[in-house]
Ligand SMILES: CC(C)(COP(=O)(O)OP(=O)(O)OC[C@H]1O[C@@H](n2cnc3c(N)ncnc32)[C@H](O)[C@@H]1OP(=O)(O)O)[C@@H](O)C(=O)NCCC(=O)NCCSC(=O)CC(=O)O
């Protein structure tokens, strides 16, 4: 062979980035139609022709108050439900119509969030080298990743990874994958997109079906897009590094496989969320997940208030439990609570919205001075816990952190 590099090790190293994967831009989007907690019970019981279920409606109001959601954006309006009566009939097959709706709605909302991220990033869409897309809203092939190529004007040879049906840990899982892609491919720029349109789990209220009440009171629609790449300033001074992704772990909580179960049925999503058990399971295991993520970095935190936080708000009961176990000051989970309150639980997109909230607060000088180190953690079926160690860019040096 002619002039191949002398050493395979050198060849391998030359293809890898020098520094950690870094968040370079964030964009978010919601559908236009917003419903408040006060408006929603009337909307829900009227649209599903269930107004005669007055006791259940009162119960729905009580449960909704406990979930921590003030308003949400929903793709399904009363007009859309009226046009597809099978969606409100819990015994009529409606998967096909739901899949048809999300087939275009999810790529469109994804593109809206992505355009914002790309505009903030400041480089052309054709500079994106990898695409990681995740949704629980449908499962089509070719999928949302494929649709985004033409919607955003990406290169046809962009390297795509499509993660369907990962539950609420999907956003953090997508970031974990983006970290590995960015660090192992010098110059890579990864567009991460996480989008949810919850018409897939809309169902009419039924006596004895508590799960439906939780689903309708909790979940909302939204999309978030994040651009990740290593060595920003070195590669292109136009890029503005926000957070370095220093470690990303995934683990399964023992004996929790029935805690959140979801599957597609002829009437949309079926399954069960163990609402009483989940806060306890998460509370019992969060410290171990944090230690497994931070200790390999040499960070042994004795006070978790020294960090900033992006915790997946499964509901306010879950945030209350995390607060109590980690003895966090109220302001620590304020960004998580605010995103839940303003948008609902948007499955995997939620933690990415919280990251956006954190950096906006940082830009506006809110939330005080953001600490140097932070945590993103998300939970979902398994129970699977994703934990990410984040380092705020431009922060003071690592030696000043509480390192044992
Ligand atoms: C569901 C809750 C809001 C209920 O709140 P509280 O327990 O404080 O409320 P509460 O005890 O006052 O109950 C309010 C009313 O609901 C009823 N109730 C409560 N829990 C119930 C249950 N499991 N089954 C049946 N009914 C139940 C009570 O009897 C009461 O009815 P009455 O008023 O008639 O007496 C909470 O437990 C919660 O937020 N749990 C966690 C939710 C969760 O798991 N989220 C993760 C989503 S999934 C996710 O994020 C990840 C993913 O999807 O991948």
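The values are calculated or read from the model by the stated rules, or taken from the named source; none is laboratory data. The structure displayed is predicted, hence computed values, not measured ones. Note: ideal-geometry Cβ built from the backbone for every residue, glycine included; neighbour counts use all protein chains shown.
Evaluating residue 232 against the criteria (1) more than 12 Å from the ligand (Cβ to nearest atom); (2) surrounded by 19 or more Cβ atoms within 10 Å (Cβ to Cβ); (3) at pLDDT below 95; (4) within 27 Å of residue 88 (Cα to Cα) leaves one unmet condition, (4). Every listed requirement among (1) farther than 23 Å from residue 31 by Cβ; (2) assigned to a helix (DSSP H, G or I); (3) in contact with a strand residue (DSSP E or B) (Cβ under 6 Å, 6 or more places away or on another chain); (4) in contact (Cβ under 8 Å) with a residue 60 or more places away in the chain is met by residue 355 save one, (1).
The single condition among (1) at pLDDT 95 or above; (2) touching a helix residue (DSSP H, G or I) at 6+ places or on another chain (Cβ under 8 Å) that residue 138 does not meet is (1). With the condition kept exactly as written, say whether any residue in the stretch 73-82 is within 23 Å of the chain's Cα centre (by Cα) and within 16 Å of the ligand (Cβ to nearest atom). No, the stretch 73-82 contains no residue that is within 23 Å of the chain's Cα centre (by Cα) and within 16 Å of the ligand (Cβ to nearest atom).
Kindly provide the set of residues from the stretch 132-156 that are away from the ligand (no atom under 16 Å from the Cβ) and closer than 18 Å to residue 29 by Cα, ordered by number. If you could, list the steps in order and put the result at the bottom.
Narrowing the stretch 132-156 to residues away from the ligand (no atom under 16 Å from the Cβ): 132-133, 140-156.
Those that are away from the ligand (no atom under 16 Å from the Cβ) and closer than 18 Å to residue 29 by Cα: 132, 133, 144, 145, 147, 148, 151, 152.
For the stretch 226-247, the count of residues that are more than 19 Å from residue 359 (Cβ to Cβ), in a helix (DSSP H, G or I) and without any contact (Cβ under 8 Å) to a residue 60 or more places away in the chain is nonzero. Quick one: how many residues across the stretch 324-341 are part of a helix (DSSP H, G or I) and more than 16 Å from the ligand (Cβ to nearest atom)? Residues that pass the stated criteria total 7. Checking the stated criteria, residue 317 turns out to be over 20 Å from residue 34 (Cα atoms), part of a helix (DSSP H, G or I) and within 16 Å of the ligand (Cβ to nearest atom). Might you check whether a residue that is in a strand (DSSP E or B), away from the ligand (no atom under 12 Å from the Cβ) and at negative phi occurs anywhere in the stretch 205-213? No; the residues of the stretch 205-213 include none that is in a strand (DSSP E or B), away from the ligand (no atom under 12 Å from the Cβ) and at negative phi. Every listed requirement among (1) part of a helix (DSSP H, G or I); (2) farther than 24 Å from residue 200 by Cα is met by residue 155 save one, (1). Annotation note: Cβ proximity below 6 Å between a residue of the stretch 144-172 that is under 26 Å from residue 248 (Cα atoms) and a residue that is within 11 Å of the ligand (Cβ to nearest atom) and assigned to a loop (DSSP other than H, G, I, E, B) (sequence gap 6+ or interchain) occurs for 165/136; 167/381; 168/312; 168/347; 168/348; 170/348; 171/348. Among the candidates 93, 5, 107, the residue that is more than 16 Å from the ligand (Cβ to nearest atom) and modelled with pLDDT under 95 is uniquely 5.
Tell me which of these residue 270 doesn't satisfy, since it passes every other one: (1) within 14 Å of the ligand (Cβ to nearest atom); (2) in a helix (DSSP H, G or I). Result: residue 270 fails condition (2) only. Residues in the stretch 256-267 that are more than 7 Å from the ligand (Cβ to nearest atom) and crowded, with 21+ Cβ neighbours inside 10 Å were compared, and the one that is nearest to residue 76 (Cα to Cα) is 259.
Considering each residue of the stretch 355-375 in turn, none proves to be under 17 Å from residue 169 (Cα atoms), modelled with pLDDT of 95 or more and within 13 Å of the ligand (Cβ to nearest atom).
Of all residues in the stretch 44-72, those that are surrounded by fewer than 19 Cβ atoms within 10 Å (Cβ to Cβ), away from the ligand (no atom under 16 Å from the Cβ) and more than 17 Å from residue 34 (Cα to Cα) total 4. Screening 305, 278 for residues that are surrounded by fewer than 20 Cβ atoms within 10 Å (Cβ to Cβ) and assigned to a helix (DSSP H, G or I) leaves exactly one candidate, 305. The residues of the stretch 159-186 that are touching a strand residue (DSSP E or B) at 6+ places or on another chain (Cβ under 8 Å) and outside any helix (DSSP H, G or I), listed by number, are 159, 160, 161, 162, 163, 164, 165, 166, 185.
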